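What follows is a set of notes on a single structure, which appears directly below.
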Amino acid sequence: MIEGNYDHDNRLLMREQGTQFHGVQLNRRKFLKGSAAALSGFALSSCGWRLADVKPTARRTSTDTLYIYTWAGYTDNKLLKQFEAETGIRAIADVFDSNEAMLARIQAQGGGDYSIIYPSDYIVQEMIDLELLQKLDHSQINGLENLFETFADPGYDPGNAYSIPISWGTTGLIYNKSALDSPPTDWDYLWENADQLTRRMTLLNDVREVMGASLKSLGYSYNTTEESKVREAYEKLVELRPAIASFNSDAWRTQILSGDLLVAMCYSSDANEITEEDDNFAYIVPESGSSVWADTLVIPRTAPNVAGAYAWMSFMMRAQVSAEITQRLSFATPNRPGYELLPKDVRTNPNLFPSSETIDRCEGLKPLGEEVGEIYDRYWTKLTSG
């Protein structure tokens, strides 16, 4: 093995949305759509929320403010205030809902105000190729030795030259134990029990994850590049399409708790929050395999506050900080001393820290290249618009 709800005083700071959210649990992949301002820069497409007409903004170069671009649920008011108290640097977090939306914005704005961004592993590779990231000066980052060996030299960024992993997890299925005749163990369960699950299951609104799950069920790689195999995965999903209630990465949470859903495809960190809230639910990584992902910290090439970015990285690499946010925000840490500080029941929680045998069945997502990516997108559009 390698490895609370927001209240009045524990609120996510939001700059662009201009709002603070009370009593709302924000998950790893949730994009906050609580105001018209939050929606105005985005257009709804079959692949989820995508950046539309983005105009560059004036650069802010103050060294006493750090602008962070992250997944929702990865920062909270307590964390940001602690960093400010220790460094004198005010940290302000904006959120994105997908790697693709983040990348589009960074490209459109030339990096914008951000000095820290939280891309996932496969997008790190693409950002390196696009020359969007600074090569890290490891002498300015304290705590790199805290990383588990697995995360100290990842395939997507050898030697952590451009990125530092901050969290990781798996993708799988959450299900209602009390409502199903038998528990799911693999992706094929969805097809074999489609009649019972009709309109009571959801898949993620994510082309790579959904196509990847279908590919795995066929015995292929999540990162398959052969069009014939991608088409086969698409055709298998077409068979399942009438039974799928929706493709969504967040709404399933309330729907499964209310009893409207029996099974949902989801990320492990989100599943863990549900299973802790209600023991009628359980999470599994399918036996044929799934994806294992890591989210990272990077410094964009145009970062206006590089010193502040390094201070944030060192802060996040501290064992105590890592342990506290793992418990408070419900995601797995790649930090060994941070992991060792966790209570035993957290360290042994298979939802957050699965066995090495489970991890061995999983694959990290890799960039597909423009040509293959267009193939995936074409089949995805046909699937989700049908």
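The values are calculated or read from the model by the stated rules, or taken from the named source; none is laboratory data. This structure is a prediction, so every number in the text was calculated from the model and none was measured. No Cβ is skipped: glycine too gets one built from the backbone with ideal geometry, and neighbour counts run over all protein chains shown. Accessible surface is based on the protein model in full, side chains and every heavy atom, while ligands, DNA and RNA are left aside. Shrake-Rupley method; radii C 1.70, N 1.55, O 1.52, S 1.80 Å.
Each row is one residue, and each column tells you yes or no for (1) buried (at least 22 other Cβ atoms within 10 Å of the Cβ); (2) out of contact with any Lys or Arg (no Cβ under 9 Å at 6 or more places or on another chain).
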| site | (1), (2) |
| --- | --- |
| Ala264 | yes, no |
| Glu276 | no, yes |
| Glu287 | no, no |
| Ser290 | yes, no |
| Ala311 | yes, yes |
| Val321 | no, yes |
| Gln327 | no, yes |
Matching residues, region 293-314, being outside any helix (DSSP H, G or I) and among the aliphatic types (A, V, I, L, M) = Ala294, Leu297, Val298, Ile299, Ala303
Examine region 339-353 for a residue that is of a type outside the set (A, V, I, L, M), open to solvent by less than 10 Å² (accessible area, probe 1.4 Å), in a helix (DSSP H, G or I) and at pLDDT 95 or above, and state whether such a residue exists.
-> no
Among the residues of region 217-274, which ones are part of a loop (DSSP other than H, G, I, E, B), more than 20 Å from the chain's Cα centre (by Cα) and among the aliphatic types (A, V, I, L, M)?
-> Leu218, Leu261, Leu262
Give region 278-292 a look and list any residue that's part of a loop (DSSP other than H, G, I, E, B) and not acidic (Asp, Glu), or say none.
-> Asn280, Val285, Pro286, Ser288, Gly289, Ser290
So which residues in region 153-165 are within 14 Å of Ser120 (Cα to Cα) and either open to solvent by less than 10 Å² (accessible area, probe 1.4 Å) or in contact with a Gly (Cβ under 9 Å, 6 or more places away or on another chain) (or both)?
-> Pro154, Gly155, Tyr156, Asp157, Asn160, Ser163, Ile164, Pro165
Mind listing just one residue for me: the one in region 183-216 that is part of a loop (DSSP other than H, G, I, E, B) and within 25 Å of the chain's Cα centre (by Cα) and, of those, surrounded by the fewest Cβ atoms within 10 Å (Cβ to Cβ)?
-> Thr185
Inspect all residues belonging to region 292-304 and state whether any of them is open to solvent by 10 Å² or more (accessible area, probe 1.4 Å) and of a type in the set (Ser, Thr, Tyr).
-> yes
Could you grab the pairs with beta carbons closer than 7 Å, sequence gap of 6+ or different chains, first residue in region 215-231 and over 14 Å from Gly373 (Cα atoms), second one of a type in the set (Val, Ile, Thr)?
-> Leu215/Thr224
Mind listing just one residue for me: the one in region 166-182 that is among the polar types (S, T, N, Q) and open to solvent by 10 Å² or more (accessible area, probe 1.4 Å) and, of those, nearest to Gln327 (Cα to Cα)?
-> Asn176
Which residues, counting only those in region 318-350, are touching a Leu at 6+ places or on another chain (Cβ under 9 Å) and charged (D, E, K, R)?
-> Glu324, Arg328, Arg336
Those helices (runs of 4 or more DSSP H) lying entirely in region 63-144 with at least 1 residues under 21 Å from Glu370 (Cα atoms), open to solvent by less than 20 Å² (accessible area, probe 1.4 Å) and hydrophobic (A, V, I, L, M, F, W, C) = 99-109, 121-129
Which residues, counting only those in region 189-247, are polar (S, T, N, Q) and closer than 25 Å to Asp97 by Cβ?
-> Thr202, Asn205, Ser214, Asn223, Ser246
Might you let me know whether region 315-325 holds any residue that is outside any loop (DSSP other than H, G, I, E, B) and touching a Cys at 6+ places or on another chain (Cβ under 7 Å)?
-> no
